[in-house]
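Asks: Here it is, the structure, as structure tokens.
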Number of protein chains: 2
Amino acid sequence: MSTDLLTDESCGLRERKKRETRRALNLAALDLVEEKGFAAVTTEEIASRAGVSARTFFNYFPSKEAAVIGTTAEELESYAAALEEDVHGETPLESLRRILASMLAPSSIDKELRARRRRILLGEPSLAPALVGNNIRIENALTAALERRLGVRPGASLEARLTVAVAIAAVRACIEHQQNGGSGRLERNIDQAFERIGAGLR
Amino acid sequence: MSTDLLTDESCGLRERKKRETRRALNLAALDLVEEKGFAAVTTEEIASRAGVSARTFFNYFPSKEAAVIGTTAEELESYAAALEEDVHGETPLESLRRILASMLAPSSIDKELRARRRRILLGEPSLAPALVGNNIRIENALTAALERRLGVRPGASLEARLTVAVAIAAVRACIEHQQNGGSGRLERNIDQAFERIGAGLR
DNA sequence: CTGCAATTTTGCAGTGACTGCACATTCGGC
DNA sequence: GCCGAATGTGCAGTCACTGCAAAATTGCAG
């Protein structure tokens with residue numbers, strides 16, 4: 001239920017090709033952004049390097065940004081599922097710290113792509129708008145998941161959305177801090193941030 | 001020092017005309033978005049309704065979004081100034097609650113424009129990406145201001161950025177909650193959100 | 001009030017993201 | 001091999017946004 005990103009359905013050639021194309025586009029986009037910066041990269045270039053037509057690019061990603069920082073529907077579901085399940089005595093905030101931190105850590109699956117994404121994320125401040133735009137989707141998915149976990153109706157109370165929004169904001173603040181040459185390592189800062197949030201801000 | 005948005009420099013005809021044009025574009029944009037929705041409005045239409053050429057639109061706003069939800073450099077400075085000054089025994093978070101709430105409240109200056117903006121903000125979920133993009137500018141300005149107030153060097157510690165980011169996230173969460181038909185009035189929810197943040201989330 | 005300099009407006013041409021559509025290609029099952 | 005479905009591709013078009021240079025407007029000095 002959690003290891004099916006590579007092994008899953010290698011049966012269908014069609015499905016495999018789609019995965020390959022998507023990944024090729026993803027890597028091409030990251031490559032080019034590292035080389036020339038986000039603004040200087042065109043969708044045509046990305047498609048060309050990935051070996052598909054310009055039109056096909058938009059069959060896979062709705063925007064140039066999505067090819068660089070886009071979160072897959074699958075990833076989204078997996079995060080939501082992780083938040084929904086109630087791990088022994090973990091508070092929602094603790095679960096969120098764990099899950100959001102894992103999004104930045106190069107995980108077992110697709111290390112290269114993750115590491116690449118992370119480096120670009122930290123190095124390109126011009127991607128900030130796209131990044132926060134993408135966060136909206138994550139926030140919505142996680143909010144819905146937390147509402148299910150808490151057993152409240154969607155939108156009934158502020159609590160779930162507030163918790164998720166604050167947690168994401170904390171991680172984002174750490175990223176921005178890093179971008180501006182701030183002190184400390186990312187993981188350590190994230191831990192500190194969540195501690196302060198848990199203790200109450202002033 | 002705080003009442004110079006209308007009275008200020010009516011001396012120069014040039015300056016006055018610029019203000020008028022900016023305002024006309026702003027109102028035209030809000031009008032059209034209310035009528036047809038953000039996506040269906042073109043910059044040409046906005047310019048046309050405001051009585052200027054299409055090219056001139058981009059002399060005033062860098063993007064279509066900015067004409068609808070853009071925060072002026074002046075507004076930004078005024079918020080920053082408000083946060084920088086240390087009001088008797090107010091904690092940073094309390095100051096932020098006051099200032100951010102005032103951004104949504106139709107203030108004494110330009111009531112109409114503010115009220116219009118607020119209505120559209122709450123009614124058009126499609127503007128969410130643009131909204132969070134705009135928030136980055138606010139966050140940066142307020143972070144710098146808070147750092148000055150706390151007497152720390154820019155980017156030296158996480159604290160200032162974290163506090164500002166969380167405060168903005170809280171307000172945004174309330175707005176999203178409202179958009180999704182959530183319960184309660186906006187101001188009341190904002191108050192509750194800040195109380196929880198101050199008390200520490202779980 | 002008149003010409004001059006600075007500022008602003010505008011038209012034009014161009015780039016690039018993104019979309020709908022029709023058609024070709026490929027794949028999976030039979 | 002054959003057919004329906006999914007996918008890839010070319011084409012034409014819209015629209016946001018930009019740089020550039022000419023035209024209009026404003027401020028100012030004489």
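Asks: Go through (1) modelled with pLDDT of 95 or more; (2) open to solvent by 40 Å² or more (accessible area, probe 1.4 Å) one by one and return the number of the condition B:Thr3 breaks.
Replies: Every condition holds for B:Thr3 apart from (1).
Asks: Can you say whether B:Glu94 is in a helix (DSSP H, G or I) and open to solvent by 60 Å² or more (accessible area, probe 1.4 Å), as far as the supplied structure shows? Before you say what the answer is, go through the steps one by one.
Replies: Numbers: in a helix (DSSP H, G or I): yes; open to solvent by 60 Å² or more (accessible area, probe 1.4 Å): yes.
The answer is yes for B:Glu94.
Asks: Residues in the stretch B:72-91 that are of a type outside the set (Val, Ile, Thr) and part of a loop (DSSP other than H, G, I, E, B): how many?
Replies: Selection size over the stretch B:72-91: 5.
Asks: Can you tell me which of (1) more than 12 Å from DNA strand C (Cβ to nearest atom); (2) within 14 Å of chain A (Cβ to nearest Cβ) is the one B:Glu74 doesn't meet?
Replies: Single failed check for B:Glu74: (2).
Asks: Can you work out which of the residues in the stretch B:54-71 that are in a loop (DSSP other than H, G, I, E, B) and within 16 Å of DNA strand C (Cβ to nearest atom) is surrounded by the fewest Cβ atoms within 10 Å (Cβ to Cβ)?
Replies: B:Pro62
Asks: If you don't mind, there's one more thing I want to ask. Among the residues of the stretch B:45-59 satisfying the criterion of being touching a Ser or Thr at 6+ places or on another chain (Cβ under 7 Å) and within 11 Å of DNA strand D (Cβ to nearest atom), which is nearest to B:Gly133 (Cα to Cα)?
Replies: B:Phe57
Asks: Pick from A:Ser157, A:Ser126, A:Ser95: which is within 30 Å of A:Ala28 (Cα to Cα) and hydroxyl-bearing (Ser, Thr, Tyr)?
Replies: When all the criteria are applied, what remains is A:Ser126.
Asks: Next up: Is one or more of the residues making up the stretch B:31-40 in contact with a Leu (Cβ under 9 Å, 6 or more places away or on another chain) and open to solvent by 10 Å² or more (accessible area, probe 1.4 Å)?
Replies: Checked the stretch B:31-40: at least one residue is in contact with a Leu (Cβ under 9 Å, 6 or more places away or on another chain) and open to solvent by 10 Å² or more (accessible area, probe 1.4 Å).
Asks: With respect to the numbered conditions (1) at the interface with another protein chain (Cβ under 10 Å from one of its Cβ atoms); (2) open to solvent by 40 Å² or more (accessible area, probe 1.4 Å), which one is the sole condition not fulfilled by A:Arg119?
Replies: Evaluating A:Arg119 over (1) at the interface with another protein chain (Cβ under 10 Å from one of its Cβ atoms); (2) open to solvent by 40 Å² or more (accessible area, probe 1.4 Å) leaves (1) as the failure.
Asks: Go over the candidates B:Ser126, B:Ser108 one by one and state the one that is polar (S, T, N, Q), exposed (fewer than 14 other Cβ atoms within 10 Å of the Cβ), assigned to a helix (DSSP H, G or I) and not assigned by TED's automatic domain parsing to the domain that holds B:Phe38.
Replies: Result: B:Ser126 is the single residue among B:Ser126, B:Ser108 that is polar (S, T, N, Q), exposed (fewer than 14 other Cβ atoms within 10 Å of the Cβ), assigned to a helix (DSSP H, G or I) and not assigned by TED's automatic domain parsing to the domain that holds B:Phe38.
Asks: A further question on this structure: Evaluate the stretch B:153-161: report whether one residue or more is surrounded by fewer than 19 Cβ atoms within 10 Å (Cβ to Cβ) and touching a Phe, Trp or Tyr at 6+ places or on another chain (Cβ under 9 Å).
Replies: No, the stretch B:153-161 contains no residue that is surrounded by fewer than 19 Cβ atoms within 10 Å (Cβ to Cβ) and touching a Phe, Trp or Tyr at 6+ places or on another chain (Cβ under 9 Å).
Asks: Next question. For the stretch B:177-196, how many residues are in contact with a helix residue (DSSP H, G or I) (Cβ under 6 Å, 6 or more places away or on another chain) and facing chain A (nearest Cβ under 7 Å)?
Replies: Let us first name the residues in the stretch B:177-196 that are in contact with a helix residue (DSSP H, G or I) (Cβ under 6 Å, 6 or more places away or on another chain), namely B:177-179, B:186, B:189-190, B:193-194.
Now restrict to residues that are facing chain A (nearest Cβ under 7 Å): B:177, B:189, B:193.
Here the count works out to 3.
The values are calculated or read from the model by the stated rules, or taken from the named source; none is laboratory data. Computed from a predicted model, the values in this text were never measured in an experiment. With ideal geometry, Cβ positions are generated from the backbone for all residues, glycine too; neighbour counts draw on all protein chains shown. Areas reflect the complete protein model, heavy atoms only, side chains present, ligands, DNA and RNA absent. Shrake-Rupley method; radii C 1.70, N 1.55, O 1.52, S 1.80 Å.
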